[in-house]
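Colleague: Can you keep this structure in mind? I'll have questions shortly.
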C-alpha cells in the first residue's frame, strides 16, 4: 500500500513539473548561460618560470602544464644535471601545453689522450687538437739530424683530461724561426 501511494505521489509531481515546462534533465543539471561561461576563468595561458640552475625534477614541478623537451650537452661552466638554457624566456606568457626546449649540463667533458707517441710531433699535435686539446711544444735538439720524434709528453697517453686542456710535448726538432724554445700550436 505504501508503495502505491509513493508511486502516485511521484507521478503527480512529475506531471506538474512537465506541465509547468520543466524538462526532466533540468532537475539534475542546469546548463550555464553564455554570461556564466564567460565569467568563469578558463586558464589557457601560463607564465614561463626561470628554470636555470634547477634539476630536471625541480623544473617538472615548476612547469606543471608545460611539456619539457630535454637535450643534454657538456658544459664546463655549469654543474652536472643542472639546466642552463631554456627556449622560452622566464616571465613570458605562453599557452598551456606549449613544449619548451631545455638544455641540461652533462658537466665537464673528459677526453682520453690518444696514442700519438709513434707519430712525428706535427701529426701528433694535429690529432690532439682534433679531439679538443691544446698543444704546447718544447723543442729540444742537441746533435745529429732532427727526427721530429716525441721525447716526452705530459700528461701521458691514455689519461683522461678535460676538453680544452693543454698537452705538453718535448720533441726532437729544431725550433722554427721566430719562435722561442716553446710554442703553442
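None of the figures in this text is laboratory data; all of them are computed from the coordinates on show. Bear in mind that the values here come from a model prediction, so they are computed numbers and not experimental data. Cβ: placed from backbone, ideal geometry, glycine included. Neighbour counts: every protein chain shown.
Colleague: Which percent, to the nearest 5, of DSSP beta bridges fully inside region 45-105 are antiparallel?
Modeller: So the antiparallel bridges amount to about 50 percent of the total.
Colleague: I'd like the projected area of region 33-95, averaged over all directions, using the convex hull of its alpha carbons. Report it in nm² with one decimal.
Modeller: The Cα convex hull of region 33-95, projected and averaged over all directions, gives 5.2 nm².
Colleague: Looking at region 70-185 only, what percent of DSSP beta bridges run antiparallel? Nearest 5 please.
Modeller: On the way: 14 of 24 bridges.
Roughly 60 percent of the beta bridges in region 70-185 run antiparallel, per DSSP.
Colleague: Give me the distance between the Cα centres of region 104-181 and region 30-100, rounded to whole Å.
Modeller: 47
Colleague: Let me ask something else. Multiplying the sequence separation of residue 80 and residue 44 by 0.36 nm and subtracting their Cα-Cα distance, what value in nm do you get? Working shown, then result.
Modeller: Working: separation 36, 0.36 × 36 = 12.96 nm, distance 3.40 nm.
Once the chain is fully extended between residue 80 and residue 44, it gains 9.6 nm.
Colleague: Just the number, please: Stokes-Einstein D of region 75-185 in µm²/s, Kirkwood Rh from C-alpha pairs, 37 °C, 0.692 mPa s.
Modeller: Estimated diffusion coefficient is 195 µm²/s.
Colleague: Also: Give, as ranges by residue number, the residues of region 91-119 whose backbone N falls under 18 Å from the point 7 Å along Cα→Cβ of residue 163.
Modeller: Counting only backbone N, you get 102-114.
Colleague: For region 110-184, what relative contact order do you get, as a whole percent, if you take Cα pairs closer than 8 Å and at least 6 residues apart?
Modeller: 42
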